[in-house]
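Engineer: A single structure is presented below for examination.
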Amino acid sequence: MNRRLRLAYLSLETPRPGQASQTHIDEIIASLREHGWQVELFATTSGGASTRTSFLRRLVDYGRVQLALARRLREFDAVFVRSHVMALPLALAARRRAVPVVQEINGKPADIGVTYPRLKPFAPLFARLYRTQYRIAAHLIGVTEGLSQWARAFAGHDRVSTVSNGANTDLFTPDGPQADIAGRYVIFVGGLVAWHGIATMLAALREPAWPADVRLVVVGDGIERGKVEAAAGDPRLLWLGRQPYEAVPALLRGALAALCVIEDQDGRSASGVAPLKLFEAMACGVPVIVSDLPFQSDIIRAHEAGLIVPAAAPGPLAAAVRELGEAPQAARAMGANGARYVVREASWRRRGGDIHHILETVLSR
């Protein structure tokens with residue numbers, strides 16, 4: 001190639017420190033730059049559900065960012081969109097200017113109603129907005145194979161690939177410092193939202209099977225923070241709020257296990273889940289207790305990297321914590337299995353390479 005290709009990355013979901021969305025965006029951009037792309041991020045600043053900003057303010061922000069990119073579309077060879085219901089104006093503008101758009105799909109339209117229950121009556125409208133974007137996209141990327149299969153049917157074409165989440169294997173490693181937290185603990189890292197199983201984890205802490213000397217460490221913030229605050233009287237609960245990205249590996253390394261007990265609220269997880277926390281915990285050599293949902297449970301089962309429990313089941317979750325606590329040698333073996341898998345197949349470097357090849361194919365067409 002005679003020149004470096006230029007990519008505009010559009011995110012109408014505001015990237016915020018400590019949130020998985022920002023990590024995902026930053027890591028993909030860094031990897032694409034390693035592959036020779038010039039990448040410029042166009043992102044909103046007015047937040048989402050956890051920031052409690054008004055819808056009007058967010059709507060203005062959506063328009064501002066898309067207008068800024070639309071005015072400069074001719075400077076870019078392609079646009080990469082972190083799929084969003086409000087991104088249709090930019091998708092149409094890019095189509096008019098013959099600039100290919102690649103959409104990354106992290107969930108289904110119905111997810112909006114899970115996060116914002118008052119918006120459920122508008123589900124048909126949201127589905128139409130998404131379908132229009134997906135039909136005219138040059139390519140779609142699902143983060144699980146289940147989402148990719150759904151996207152093929154929903155969009156009506158086969159220009160679809162699967163590229164999942166990953167981990168920064170330079171930062172998230174089994175070797176390194178551990179957090180200064182006394183005693184044994186299991187850890188949850190992520191957004192405090194209903195489908196992450198916040199209530200289930202807190203209920204498991206009260207189950208008789210939960211080991212008396214094992215604490216639950218919660219790292220993150222979000223709209224479910226009230227439930228965590230209400231349980232703060234339990235001395236076995238330690239809520240650290242959001243933590244810097246660079247601080248997370250040490251917190252993970254010291255844990256007996258990491259929790260990834262996502263729930264299938266309103267069917268939002270039926271097509272599979274591939275949370276960032278899963279790959280980062282495995283990369284640190286920590287066994288992961290996951291709920292029995294497609295993709296994440298398939299990985300844990302295939303690579304013997306942790307334990308699988310039913311979704312929304314405090315009793316089995318507490319029993320799984322006890323099982324790992326009573327079998328440290330087996331827990332270490334599971335952690336090592338997970339670390340090897342991530343280095344071999346799920347680094348951000350590899351994920352970025354997959355997207356690079358998709359973009360090259362799109363441009364060649």
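The values are calculated or read from the model by the stated rules, or taken from the named source; none is laboratory data. The model shown is predicted, which means the values in this text are computed figures rather than measured ones. Neighbour counts run over all protein chains shown; Cβ positions are idealised from the backbone, glycine included. Note: areas computed on protein heavy atoms with side chains; ligands, DNA, RNA excluded. Shrake-Rupley method; radii C 1.70, N 1.55, O 1.52, S 1.80 Å.
Engineer: Given the criterion open to solvent by less than 40 Å² (accessible area, probe 1.4 Å), of a type in the set (Asp, Glu) and more than 14 Å from the chain's Cα centre (by Cα), identify the matching residue among 266, 234, 292.
Structural biologist: When all the criteria are applied, what remains is 234.
Engineer: Oh, and also: Report yes if residue 30 is at pLDDT 95 or above, within 24 Å of residue 349 (Cβ to Cβ), open to solvent by less than 20 Å² (accessible area, probe 1.4 Å) and out of contact with any Cys (no Cβ under 9 Å at 6 or more places or on another chain), otherwise no.
Structural biologist: No, not satisfied.
Engineer: Something else about it: Can you name the condition, by its number, that residue 198 falls short on among (1) without any contact (Cβ under 8 Å) to a residue 60 or more places away in the chain; (2) more than 24 Å from residue 312 (Cβ to Cβ); (3) of a type in the set (A, V, I, L, M)?
Structural biologist: Of the numbered conditions (1) without any contact (Cβ under 8 Å) to a residue 60 or more places away in the chain; (2) more than 24 Å from residue 312 (Cβ to Cβ); (3) of a type in the set (A, V, I, L, M), the odd one out for residue 198 is (2).
Engineer: Consider residue 285 carefully, then state whether it is part of a loop (DSSP other than H, G, I, E, B) and touching a residue at least 60 places away in the same chain (Cβ under 8 Å).
Structural biologist: yes
Engineer: Give the stretch 43-59 a look and list any residue that's over 21 Å from residue 165 (Cα atoms) and modelled with pLDDT of 95 or more, or say none.
Structural biologist: Scanning the stretch 43-59 gives a single hit, 44.
Engineer: To continue, here is another question. Is it the case that residue 300 is within 22 Å of the chain's Cα centre (by Cα), part of a helix (DSSP H, G or I), surrounded by fewer than 23 Cβ atoms within 10 Å (Cβ to Cβ) and modelled with pLDDT of 95 or more?
Structural biologist: no
Engineer: Tell me, which residue of the stretch 94-134 that is among the small types (Gly, Ala, Ser) and touching a helix residue (DSSP H, G or I) at 6+ places or on another chain (Cβ under 9 Å) is farthest from residue 150 (Cα to Cα)?
Structural biologist: Within the stretch 94-134, the match that is farthest from residue 150 (Cα to Cα) is 94.
Engineer: If the requirement is being in a strand (DSSP E or B) and buried (at least 21 other Cβ atoms within 10 Å of the Cβ), which of these qualifies: 278, 252, 259?
Structural biologist: Going through 278, 252, 259 in turn, the sole match is 259.
Engineer: Being farther than 24 Å from residue 296 by Cα and more than 22 Å from the chain's Cα centre (by Cα) is the filter here, so list the residues in the stretch 237-263 that pass it.
Structural biologist: Passing the criteria: 237, 238.
Engineer: In the stretch 50-68, what count of residues is obtained for those that are crowded, with 20+ Cβ neighbours inside 10 Å and in contact with a strand residue (DSSP E or B) (Cβ under 7 Å, 6 or more places away or on another chain)?
Structural biologist: Counting residues in the stretch 50-68 that are crowded, with 20+ Cβ neighbours inside 10 Å and in contact with a strand residue (DSSP E or B) (Cβ under 7 Å, 6 or more places away or on another chain) gives 1.
Engineer: Now for a separate question. Does the stretch 326-336 include one or more residues that are closer than 30 Å to residue 102 by Cβ, out of contact with any helix residue (DSSP H, G or I) (no Cβ under 8 Å at 6 or more places or on another chain) and open to solvent by less than 50 Å² (accessible area, probe 1.4 Å)?
Structural biologist: Among the residues of the stretch 326-336, not one is closer than 30 Å to residue 102 by Cβ, out of contact with any helix residue (DSSP H, G or I) (no Cβ under 8 Å at 6 or more places or on another chain) and open to solvent by less than 50 Å² (accessible area, probe 1.4 Å), which makes the answer no.
Engineer: Six or more apart or on different chains, Cβ under 6 Å: which pairs go from a residue in the stretch 328-350 that's over 23 Å from residue 35 (Cα atoms) to one that's at pLDDT 95 or above and in a strand (DSSP E or B)? Could you list them?
Structural biologist: Sorted first by the residue in the stretch 328-350, then by its partner, the pairs are 334/306.
Engineer: Find the residue count for the stretch 110-140, including only residues that are under 19 Å from residue 270 (Cβ atoms), at pLDDT 95 or above and open to solvent by less than 30 Å² (accessible area, probe 1.4 Å).
Structural biologist: The number of residues fulfilling the criteria is 5.
Engineer: Pick from the stretch 341-365 the residues that are charged (D, E, K, R) and over 21 Å from the mean Cα position of the chain (by Cα): which of them is modelled with the highest pLDDT?
Structural biologist: 360
Engineer: Moving on to the next point. Is it fair to say residue 221 is acidic (Asp, Glu) and in contact with a strand residue (DSSP E or B) (Cβ under 6 Å, 6 or more places away or on another chain)?
Structural biologist: Against the criterion (acidic (Asp, Glu) and in contact with a strand residue (DSSP E or B) (Cβ under 6 Å, 6 or more places away or on another chain)), residue 221 qualifies.
Engineer: Cβ-Cβ distance below 7 Å, separation of 6 or more or different chains: which pairs start in the stretch 159-180 with a residue that is farther than 17 Å from residue 258 by Cβ and of a type in the set (A, V, I, L, M, F, W, C) and end on one that is open to solvent by 30 Å² or more (accessible area, probe 1.4 Å) and modelled with pLDDT of 95 or more?
Structural biologist: Close Cβ pairs satisfying both conditions: 160/152; 163/354.
Engineer: Counting only residues that are open to solvent by 20 Å² or more (accessible area, probe 1.4 Å), under 15 Å from the mean Cα position of the chain (by Cα) and of a type in the set (Val, Ile, Thr), which one in the stretch 148-204 is modelled with the lowest pLDDT?
Structural biologist: Ranking the candidates gives 193 first.
Engineer: Could you list, in sequence order, all residues of the stretch 337-365 that are assigned to a helix (DSSP H, G or I), open to solvent by less than 70 Å² (accessible area, probe 1.4 Å) and more than 22 Å from residue 101 (Cβ to Cβ)?
Structural biologist: Passing the criteria: 337, 338, 339, 341, 342, 345, 348.
Engineer: Shifting gears a bit: Please find, among 91, 98, the residue that is at pLDDT 95 or above and surrounded by 15 or more Cβ atoms within 10 Å (Cβ to Cβ).
Structural biologist: 91
Engineer: Residues that are closer than 21 Å to residue 44 by Cβ and touching a His at 6+ places or on another chain (Cβ under 6 Å): list the strands (runs of 3 or more DSSP E) wholly contained in the stretch 68-170 that include at least 1 such residues.
Structural biologist: Correct list: 101-105.
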